[in-house]
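Written out below as structure tokens is the structure these notes cover.
The values are calculated or read from the model by the stated rules, or taken from the named source; none is laboratory data. All values derive from a computational prediction rather than experimental measurement. Don't worry about glycine lacking a Cβ; one is built from the backbone with ideal geometry, like all the others, and counts go over all protein chains shown. Surface areas here come from the heavy atoms of the whole protein model, side chains and all, with no ligands, DNA or RNA. Shrake-Rupley method; radii C 1.70, N 1.55, O 1.52, S 1.80 Å.
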Amino acid sequence: MQKRALFVLFWTLFGTVSAQQTSVEVRVFIEPAGPKFFVDGTGYSSAAVFFWQPGTRHTLRVAPEQIQGSAGVRSLFQGWNDSSGRYSTSSPEVTVTAGASVTQIVASFQQDFRLHLNFREGRGTVYVNGAAHSRGGEVWVPAGETVRLSAVADPGYVFMGWGSGTGADASSEQVFVMSGARYLYPRFEGAVSVTLTTSPPRLMLAVDRTPMRAPQTFGWGQGTQRTLSPVSPQTDERSGLWVFDSWSDGGADIHLYTVPATNSPVTVTATYAPGARASFVTVPPGLRLSIDGRENWPAYNFVWGVGSKHTAEAPAEQTGNDGWKYLFRRWSNGGPASQEVTVGEAARTSGVRLVAEYESVGKLLIRSVPGPVSVVVDGADCATPCVLEGETGKEIRIAAPAGARLADGTRVEFESWSDGGAREAVRKLPASPVILTAHYRGVHGLQMVMNAAGPTPEAGVAPGSIISLYGSGLALAVVTGPDNPLSQTLGGVTVLAGDRMLPLFIVSPDQINALLPSDMGEGEYTAVVRREGQADAQASFQVVRNAPGLFTSRDGERVLVTATHEDGNPVTVGNPARPGEMVTVFGTGFGPTNPRPPDGFPVPSEGFVLVDPAEVIVGEERIEPEWACAARGYVGVNAVRFKAPAETAEVKVRFSGKESNAAFLPVK
């Protein structure tokens with residue numbers, strides 16, 4: 001009996017060891033983690049390891065849809081897969097026979113995040129990726145998918161912004177990537193009917209700097225603000241002249257109007273007065289006058305209200321643009337040098353015109369074209385225009401410099417005197433005023449092409465970026481072009497790259513800022529500056545996919561990055577960013593966007609997303625930005641939004657491994 005018991009015990013132990021040695025280890029898990037699964041009726045919430053005997057059968061099951069309400073996550077079953085490939089199925093339940101080849105079994109799920117919309121029905125519609133929602137509710141969006149929101153108010157309501165979650169509350173259109181559950185509160189509020197009118201009727205005024213003919217009626221949200229401004233002077237539909245007088249709300253000419261909290265219609269009236277044309281000229285032309293205490297008018301031509309009073313003053317003595325001295329003689333109306341001018345009723349048809357007459361003083365005026373340069377008169381320097389006075393017939397030695405650099409950086413070389421004399425010679429003062437001109441020719445050249453943000457680690461420039469061309473004699477003067485659209489010709493100057501004419505921001509004698517087309521391919525190009533009356537100036541440059549440059553400013557010895565707060569105000573030393581605040585930095589040359597922006601026109605929205613991966617380097621730390629895109633409302637400008645660090649730090653951006661210049665972001 002004892003022997004039998006020992007035998008049974010030995011057999012039991014031996015059999016147990018053998019079973020452990022021949023069982024198969026199988027790992028069952030969910031991807032991505034989170035949903036629950038069942039194995040042979042037992043539930044599991046995370047990966048589990050089992051030891052199964054070969055040939056045994058086991059049942060695995062999942063619920064096809066599982067929602068983690070508190071986390072705002074929905075998981076949708078996609079299918080089972082195993083290491084042997086024999087049990088791949090889209091059925092939620094699968095029976096597996098244990099074997100050596102089956103070591104791993106995974107249930108794949110699609111993960112969706114909840115987008116919760118909270119607003120009342122009957123006020124507006126929210127479009128989520130094109131699907132309309134007329135009231136609050138839940139929308140499930142796959143993780144990582146780009147969400148495009150659009151809010152449209154119903155009649156009688158106005159969209160006032162997003163409560164949270166989009167990063168830019170004001171715009172009705174938003175774009176973001178779904179990286180977690182979000183709660184949004186689209187605010188639709190009752191609109192106040194505001195009518196803008198004029199007295200007399202049907203004149204022009206401007207709302208948010210957009211001109212329009214009155215009357216105009218708008219539905220505006222209570223408490224919102226609009227910029228109201230007059231159009232003055234203006235002509236009515238019968239060619240009558242009018243000048244602005246006052247607003248019925250008592251605001252300044254250009255002022256912010258706050259929509260009142262009322263359910264009743266509101267009317268705001270711009271009152272205009274009859275106008276008359278007034279002009280003031282000098283003989284000889286081009287001399288200086290003071291009208292209403294100001295001298296630097298673009299021209300002495302005005303439209304004034306009938307009955308208004310103004311002051312006109314002619315200086316007793318002045319030097320004209322030609323360098324001569326002039327003395328005041330009289331006004332054409334016989335009034336004193338400083339007089340008050342009243343605009344009478346008759347001026348509505350005849351206008352007001354006064355002429356200030358001057359007489360010249362001086363004998364020899366030395367000019368230079370272009371100029372000015374410094375000539376030597378009897379051994380002393382005299383900058384042109386140089387006026388020489390003295391006894392008739394007095395001999396003076398005059399020498400023009402052989403070469404000079406003008407104030408705008410243009411290099412010039414002496415060509416000739418207007419009287420054909422030698423560059424250095426003795427001349428006699430004439431009895432009557434004479435102008436002697438030294439003619440110079442400009443030395444025209446283009447030296448380099450680079451990122452308009454300044455020196456950057458990448459020597460090339462990127463398509464769609466703002467570039468700067470440096471040289472001498474590139475233009476006759478500083479000319480700034482229109483903002484929308486950019487012009488391809490400014491001040492008689494055009495710039496070509498390959499066979500493409502570039503849109504221009506500004507031209508000057510030593511620098512031109514232009515936009516490089518966004519569809520230019522990579523490679524070497526030749527920039528050509530073409531100016532009327534000059535030979536072409538050329539320089540080669542390289543186009544690369546990414547050449548990021550941050551716009552900066554200088555505060556003493558420190559270079560600061562150009563950035564804005566969440567509310568759009570500039571980040572400065574006096575108004576630093578807050579730790580953790582979302583800030584936006586600006587630059588150019590970050591790389592291509594999708595879609596490609598219209599060249600030469602301001603970008604209409606933030607939907608023009610930069611294609612290449614973006615990184616923000618703060619000190620030694622790498623930060624992933626919230627978004628990177630073409631800056632809305634600008635041409636050629638890129639923007640990157642990220643969370644501000646805990647303290648002031650040096651910041652730079654990186655696209656596809658290409659880094660920008662570095663600058664400090666003030667944080668406090």
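Odds and ends about this structure:
- Selection from region 373-390 of residues that are crowded, with 19+ Cβ neighbours inside 10 Å and of a type outside the set (S, T, N, Q): Val373, Val375, Pro385, Cys386, Leu388
- Taking the listed residues Gly464, Gly521, the one that is outside any strand (DSSP E or B) and at positive phi is Gly464, with no other qualifying.
- Check on Thr584, part of a loop (DSSP other than H, G, I, E, B) and over 30 Å from Met501 (Cβ atoms): no
- Matching residues in region 420-449 - criterion: being within 30 Å of Leu504 (Cα to Cα) and without any contact (Cβ under 8 Å) to a residue 60 or more places away in the chain: Arg441, Val443
Every residue, every condition in (1) within 30 Å of Val147 (Cα to Cα); (2) among the acidic types (Asp, Glu); (3) modelled with pLDDT under 95, yes or no:
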| position | (1), (2), (3) |
| --- | --- |
| Thr12 | no, no, yes |
| Ser18 | no, no, yes |
| Thr56 | no, no, no |
| Leu60 | no, no, no |
| Phe77 | yes, no, no |
| Trp80 | yes, no, no |
| Phe109 | yes, no, no |
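- When each of Ser468, Ser472 is tested for being of a type in the set (Gly, Ala, Ser), within 25 Å of Gly371 (Cα to Cα) and either open to solvent by less than 20 Å² (accessible area, probe 1.4 Å) or in contact (Cβ under 8 Å) with a residue 24 or more places away in the chain (or both), the lone residue that passes is Ser472.
- Of the residues making up region 408-460, those that are among the small types (Gly, Ala, Ser), more than 35 Å from the chain's Cα centre (by Cα) and within 21 Å of Val373 (Cβ to Cβ) are Ser416, Ser418, Gly420, Gly421, Ala422, Ala425, Ala438, Gly442.
- Considering only residues in region 420-451 that are surrounded by 14 or more Cβ atoms within 10 Å (Cβ to Cβ) and not in a strand (DSSP E or B), the one that is modelled with the lowest pLDDT turns out to be His444.
- Residue match in region 409-419 (condition: over 19 Å from Leu474 (Cβ atoms), open to solvent by less than 50 Å² (accessible area, probe 1.4 Å) and without any contact (Cβ under 8 Å) to a residue 12 or more places away in the chain): no
- Across region 560-579, the qualifying residues are those that are of a type in the set (A, V, I, L, M, F, W, C) and either in a strand (DSSP E or B) or open to solvent by 70 Å² or more (accessible area, probe 1.4 Å) (or both), and the one among them that is nearest to Glu626 (Cα to Cα) is Ala563.
- Looking only at region 596-616, residues that are within 23 Å of Ser487 (Cα to Cα) and either aromatic (Phe, Trp, Tyr) or more than 17 Å from the chain's Cα centre (by Cα) (or both) come to 2 in all.
- Residues in region 330-381 that are of a type in the set (Ser, Thr, Tyr), part of a strand (DSSP E or B) and closer than 24 Å to Thr319 by Cβ: 5 in all.
Okay, residues lined up against (1) surrounded by fewer than 19 Cβ atoms within 10 Å (Cβ to Cβ); (2) hydroxyl-bearing (Ser, Thr, Tyr); (3) without any contact (Cβ under 8 Å) to a residue 24 or more places away in the chain:
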| site | (1), (2), (3) |
| --- | --- |
| Arg209 | yes, no, yes |
| Gly219 | yes, no, no |
| Thr224 | yes, yes, no |
| Leu256 | yes, no, no |
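- Residue that is surrounded by the most Cβ atoms within 10 Å (Cβ to Cβ), among those in region 501-518 that are in a strand (DSSP E or B) and free of Cβ contacts under 8 Å to residues at least 60 places away in the same chain: Ala514
- Leading residue by the ranking (nearest to Trp331 (Cα to Cα)) among those in region 270-311 that are aromatic (Phe, Trp, Tyr) and in contact (Cβ under 8 Å) with a residue 12 or more places away in the chain: Phe280
- Members of region 160-182 found to be surrounded by 15 or more Cβ atoms within 10 Å (Cβ to Cβ) and modelled with pLDDT under 85, listed by number: Gly165, Thr166, Gly167, Ala168, Asp169, Ser171
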